[in-house]
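Asks: The structure under discussion is supplied below as structure tokens; questions concerning it will follow.
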Amino acid sequence: MRLLFTLVFSFITLSVFSQEATRQDSLRGSITPQRAWWDIVHYDLSVTVIPASKSLIGTNIMTYRVLEEGTTELQIDLQSPMELTAVMQDGHSLDVRTEGAAHFIQLESAQKAGELKAIRLSFEGKPRAAVNPPWDGGITWQQDSNGKHFIASSNQGIGSSIWWPNRDHPADEVDSLDMHVTVPKDLVDVSNGRLVGIDSTTSSKTYHWAVRNPINNYGVNINIGDYVNFSEVYKGEKGPLDMSYWVLREDEKKARAQFTQAPMMMEAFEHWFGPYPFYEDSFKLVQAPYLGMEHQSSVTYGNKFKNGYLGKDLSGTGQGLKFDFIIIHESGHEWFANNITNKDVADMWIHESFTNYSENLYLDYHFGKDAASEYVIGLRKNIRNDRPIIGTYDVNRSGSGDMYYKGANMLHTIRTIVDNDELWRETLRGLNKEFYHKTTTSAMVEDFMSRKLNQNLAPIFDQYLRTVKIPTFEYKVSKKKLSYRYTNVISDFSMPLSIMINGKLQWLAPADQWQELKMSKKIIDMSILEDFYIQTRKL
Ligand SMILES: [Zn+2]
């Protein structure tokens, strides 16, 4: 997600952008020497959630593989006011050197290359309460209309280390995850993956959830409430897929009606992107006390069972009211964010541009290509061109919120240039194969697309992702002659463009130098396809 109620989003991004990167930003956002020598393999996270005191207490047993010997410090992240209360390895309690949210564990036993090691992290405290979830996250402590607790974590951006200790950097995903979440006995916890067991005492229940695929940190979540469950088996590309829905008891009826869009989503996205990436872990929609988030295999939902974005159409065309924004957008992230994950949040367009674009592909699949085009073109009114889409590397800084609408329009423009929908679909599916369960960089995605589409897209990516300049197509018509060029472009920019001229479609290859097209007859009408996200100026 990281979506935008436009004002809220701009406030957050601008305030973050205006600050210089600090030592804490570097510790969080880079592969420090204390992170570089080991690879995270498994988390076994146990947490007791105490609603009465709004506190958490737990342990995370972390298994990692030693890549390089010779280091004696290991970095773990946990943000104040949560406290790391004990660290154990091989039966010994270890010392910790703390620098803000970074905790450098002083190892005592040998760390041999190739070896698997485990470390036990104990933690407790009253975690930061979410201020404006999911954008300004933490833990949301609410109650439903029956007075039952309704609690959820959301931590994109701020980081999962807001509530549990882990390696809080996106480049290295844990290979699998077990969660044991203990809650008062009248409540249910829904987390990622599959429910493999429930342990009960007289006062509490512990829900054991297991994820058998790599998962990004910000996707790990707890959702606690008076949930009821219903489910279906979807006949997917890889076979039967369990689709399961967890909603508050009071909302079951509405959810049963609205969530019929979930299998429609699955059908459209498997068509465009390939098989759902986490069959082993199932797909879930889980009601949450905030708008929603792409938590892997437990997508959270709080769109009030309405179509659009809280009942509104972000495109202003009416097309956005044909689907439930949160079901479609957040589930689209299962392919772009959860399957293909950025190594650095500076490249977060890989998550948000493709997922914003996926909304238009959903429309394309169920309502036709014209509806889809109208929607994505309509979204342009939300573009700001305030700063580049690609952010700052190694300091936990994502780029402009334009990664949504502008990124989607860049992809739509490329699809229009490619002019071969089957190849375009193969490329989207190819991305999900090439980067299956991997973390990646923008450069790798850009190269893959250029190769697969047989076009040098580098100037287009550089222009749209790395500058705020929108190409301007300048043209002059005189009798039988059309003169044209691009301005407001990076050097060596070129991008094919199709125009209608004298009633016929004509491809041009404009660049920053004037070119001419000579027609056999006087030019009586000329128009530029709206699918290209450019500006035009008639001279
Ligand atoms: Zn999103």
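The values are calculated or read from the model by the stated rules, or taken from the named source; none is laboratory data. For clarity, every value in this text was computed on a predicted model and none was experimentally measured. Neighbour counts run over all protein chains shown; Cβ positions are idealised from the backbone, glycine included. Ligands, DNA and RNA are stripped out before the accessible areas are found, and what is left, the full protein with its side chains, is counted by its heavy atoms. Shrake-Rupley method; radii C 1.70, N 1.55, O 1.52, S 1.80 Å.
Asks: Quick one: 3J(HN,Hα) in Hz for the range 188-200, Karplus 6.51/-1.76/1.60 with θ = phi - 60°, rounded, Gly and Pro as x.
Replies: Karplus-based 3J(HN,Hα) across the range 188-200 equals 10, 9, 10, 10, 7, x, 10, 6, 10, x, 10, 9, 10 Hz.
Asks: Let me ask something else. Would you compute the Debye intensity of the range 346-389 from its alpha-carbon atoms alone, equal scatterers and no solvent, and pass along log10 I(q)/I(0) at q = 0.19, 0.22, 0.28, 0.30 Å⁻¹ to two decimals?
Replies: Per q value, in the given order, log10 I(q)/I(0) is -0.64, -0.78, -0.99, -1.04.
Asks: What is the extension gain from Trp514 to Val41, computed as 0.36 nm multiplied by their sequence separation minus the C-alpha to C-alpha distance, in nm to one decimal?
Replies: Taking Trp514 through Val41 to full extension adds about 164.7 nm, to one decimal.
Asks: Moving on to the next point. Using only alpha-carbon positions, what ratio does the radius of gyration of the range 226-288 give when scaled by 2.2 N^0.38 Å?
Replies: Values: Rg = 12.1 Å, N = 63, 2.2 N^0.38 = 10.6 Å.
With N residues counted in the range 226-288, Rg over 2.2 N^0.38 Å equals 1.14.
Asks: Just list whichever of Lys254/Lys322; Lys312/Lys381; Lys469/Lys504; Lys54/Lys205 have alpha carbons separated by over 20 Å in the model shown.
Replies: Beyond 20 Å: Lys469/Lys504.
Asks: Let me ask you something else. Based on the Cβ-Cβ distance of Ile524 and Lys381, what FRET efficiency does E = 1/(1 + (r/R0)^6) give at R0 = 35 Å, to the nearest 0.05?
Replies: Details: r = 31 Å, r/R0 = 0.90.
The formula returns an efficiency of 0.65 here.
Asks: Over the range 91-223, with a single point scatterer placed on each C-alpha, what log10 of the ratio I(q)/I(0) does the Debye formula yield at q = 0.09, 0.10, 0.13, 0.18 1/Å?
Replies: -0.33, -0.41, -0.69, -1.23
Asks: In whole angstrom, and with the biggest value first, how far do the Cα coordinates of the range 468-539 range along each principal axis?
Replies: Extents along the principal axes, in whole Å: 37, 23, 18.
Asks: So, one more: Here are some pairs, Lys304/Lys438; Lys235/Lys369; Lys304/Lys369; Lys185/Lys235; Lys235/Lys306; Lys406/Lys481; which of them have Cα atoms lying more than 30 Å apart in this structure?
Replies: Lys304/Lys438; Lys185/Lys235; Lys406/Lys481
Asks: When the helix-only estimate is applied to the chain (DSSP H runs of n ≥ 4, each -39,500 (n - 2.57), divided by the residue count), what is the mean residue ellipticity at 222 nm, nearest 500 deg cm²/dmol? Each step should come with its number before you reach the end.
Replies: On the way: 12 runs with 129 residues, N = 539.
Calculated at 222 nm, the ellipticity per residue is -7000 deg cm²/dmol.
Asks: Counting C-alpha atoms alone, how compact is the range 407-539: give Rg to one decimal and Dmax as a whole number, in angstrom.
Replies: Cα-based Rg and Dmax for the range 407-539 come out at 16.4, 56 Å.
Asks: With the other protein chains left in place, how much accessible area per residue, in square angstrom, belongs to the chain at a 1.4 angstrom probe?
Replies: Dividing the accessible area of the chain by its residue count gives 38 Å².
Asks: Evaluate E = 1/(1 + (r/R0)^6) for Ser491 and Gln143, where r is the Cβ-Cβ distance and R0 equals 56 Å; express this FRET efficiency to the nearest 0.05.
Replies: Here the calculated transfer efficiency is 0.45.
Asks: What are the equivalent ellipsoid semi-axes of the range 277-372, built from the alpha-carbon gyration tensor (square roots of five times its eigenvalues), in whole angstrom, biggest first?
Replies: 21, 17, 13
Asks: Moving on to the next point. Quick one: plug the Kirkwood hydrodynamic radius of the range 332-435 (C-alpha pairs) into Stokes-Einstein at 37 °C, 0.692 mPa s, and report D in µm²/s.
Replies: 233
Asks: Please compute, for the alpha-carbon atoms of the range 13-91, the extent along each of the three principal axes and give them in descending order in Å.
Replies: 45, 45, 18
Asks: Just how far, in whole angstrom, is the range 272-347 from the range 434-485 if you go by their alpha carbon centroids?
Replies: One Cα centre to the other: 27 Å.
Asks: Give me, ordered by chain and number, the residues 5 or more places off Ser55 or on other chains with an amide H under 5 Å from its own placed amide H.
Replies: Ile50
Asks: Expressed as a whole percent, how much of the Cα-Cα distance distribution for the range 156-261 exceeds 17 Å?
Replies: The proportion of pairs with Cα distances above 17 Å equals 64 percent.
Asks: How long are the three semi-axes of the equivalent ellipsoid of the chain, in whole Å, if each is the root of 5 times an eigenvalue of the C-alpha gyration tensor, listed from largest down?
Replies: Over the Cα atoms of the chain, the ellipsoid semi-axes are 44, 27, 20 Å.
Asks: Right, here's the next one. If you wrap a convex hull around the alpha carbons of the range 73-168, what volume per residue comes out, as a whole number of Å³?
Replies: Cα-based convex hull of the range 73-168, divided per residue, equals 123 Å³.
Asks: May I ask you to evaluate 6.51 cos²θ - 1.76 cosθ + 1.60, the Karplus curve with θ = phi - 60°, for each residue of the range 140-149 and list the ³J(HN,Hα) values in order in whole Hz, giving x for glycine and proline?
Replies: So the J values, rounded to whole Hz, are 9, 10, 10, 10, 7, 6, 8, x, 8, 4.
Asks: Another question about this same structure. With label points built 7 Å along Cα→Cβ from the Cα atoms of Ser26 and Ile50, find their separation and express it in nm.
Replies: 3.9
Asks: Right, here's the next one. Please find the FRET efficiency linking Leu116 to Asp370, where r is the Cβ-Cβ separation and R0 is fixed at 35 Å, and quote it to the nearest 0.05.
Replies: In this case the efficiency is close to 0.05.
Asks: Give me the one-decimal Kirkwood hydrodynamic radius in Å for the range 500-539, with the sum taken over alpha-carbon pairs.
Replies: Details: mean 1/r = 0.0846 Å⁻¹.
About 11.8 Å for the range 500-539.
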